[in-house]
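Working notes, beginning with the structure itself.
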Amino acid sequence: MRNFYFENHQNSMEQQLIEDLVIESIRIHGIDAWYMPRTIGAKDDLFNEDDLPIFENAYMVEMYVKSVDGFEGEGDFLSKFGLQIRDSMVLTIAQRVFNDDVAVNDYNIITRPNEGDLIYFPLNDKIFEVMHVEHEAIFYQMGNLQTYDLRCELFEFSNERFTTGQEFIDIKYAEIATTSNAAMDNIEDFDPLSDNTIIETEADSILDFSESNPFGEDTY
């Protein structure tokens with residue numbers, strides 16, 4: 001039987017002390033990053049996905065970079081699609097800090113970090129997407145959990161909309177979205193009928209598709 005003179009799992013004062021020390025350590029050794037909760041813009045109930053997410057808010061929070069040796073993941077490599085950058089990392093945020101700085105201010109009243117949210121990492125001016133949230137990274141010190149571990153990968157833009165109010169974030173992808181829309185306009189202006197007519201005219205000058213010899217070659 002456990003010694004009842006020592007309470008190691010229900011002492012709220014000890015739990016608060018450890019949480020204060022964790023927050024202070026992150027503020028000393030961590031960085032200030034911007035957390036952007038994801039807002040559903042056009043949910044598809046059939047496939048349970050959102051093709052047009054919106055990021056309307058950005059909150060500055062202190063985080064600790066747990067990947068101290070550098071970025072993880074596959075790194076930079078060449079593929080058939082060109083240069084691919086697959087950087088990933090793990091960031092730690094205190095649960096109390098997230099609740100006080102993000103959850104309270106967000107209109108969706110989120111209770112924890114969610115997969116699909118974004119984090120602006122100021123050291124390399126990149127945005128990372130939260131792929132997984134681990135809430136039991138440090139296992140119940142004094143019977144309580146103090147942090148979230150966010151496993152993040154480099155964000156790949158796909159027509160997301162940014163209206164966070166932070167210009168260095170919103171403008172970052174505004175030019176990309178404008179270029180993408182212009183490319184789509186060019187595709188919409190494409191007239192397949194007119195181009196097929198040109199192809200058929202050039203083919204008729206080479207091949208003879210007459211009834212007598214439908215697959216014969218004409219002299220040219």
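Coordinate-derived values only; no laboratory data. The structure displayed is predicted, hence computed values, not measured ones. Note: ideal-geometry Cβ built from the backbone for every residue, glycine included; neighbour counts use all protein chains shown.
Odds and ends about this structure:
- Prolate/oblate/rounded call for region 12-165, Cα gyration tensor, a/c under 1.5 rounded: oblate
- The modelled label-to-label distance between E156 and T111, using points 7 Å beyond Cα along the C-beta direction, is 3.3 nm.
- Fewest-first ranking of I40, I119, I138, using other Cβ atoms within 10 Å as the exposure measure: I40, I138, I119
- Measuring nothing but how far apart in sequence close Cα pairs (under 8 Å, 6+ apart) lie, relative to its length, region 12-165 scores a relative contact order of 26 percent.
- Low-density loop positions, GluC sites (Glu not before Pro), region 120-162 - DSSP coil, at most 11 other Cβ in 10 Å: E136, E156
- Qualifying chymotrypsin sites (Phe, Trp or Tyr not before Pro) in region 26-63, DSSP loop, other Cβ atoms within 10 Å at most 10: F47
- Positive minus negative residues near D44 (Lys, Arg vs Asp, Glu; Cβ under 14 Å): -3
- Dipole of region 12-165 computed with +1 at Lys/Arg Cβ and -1 at Asp/Glu Cβ about the Cα centre; of S158, A42, Y120, farthest Cα towards the positive end is Y120.
- Rough spin-label spacing in nm, given labels placed 7 Å along Cα→Cβ, for D125 and Y5: 6.3
- Burial ordering of R151, R2, fewest other beta-carbon atoms within 10 Å first: R2, R151
- As a rough footprinting exposure proxy, the listed residues M60, M36 were ranked by other beta carbons within 10 Å of their own, and the order from fewest upward is M60, M36.
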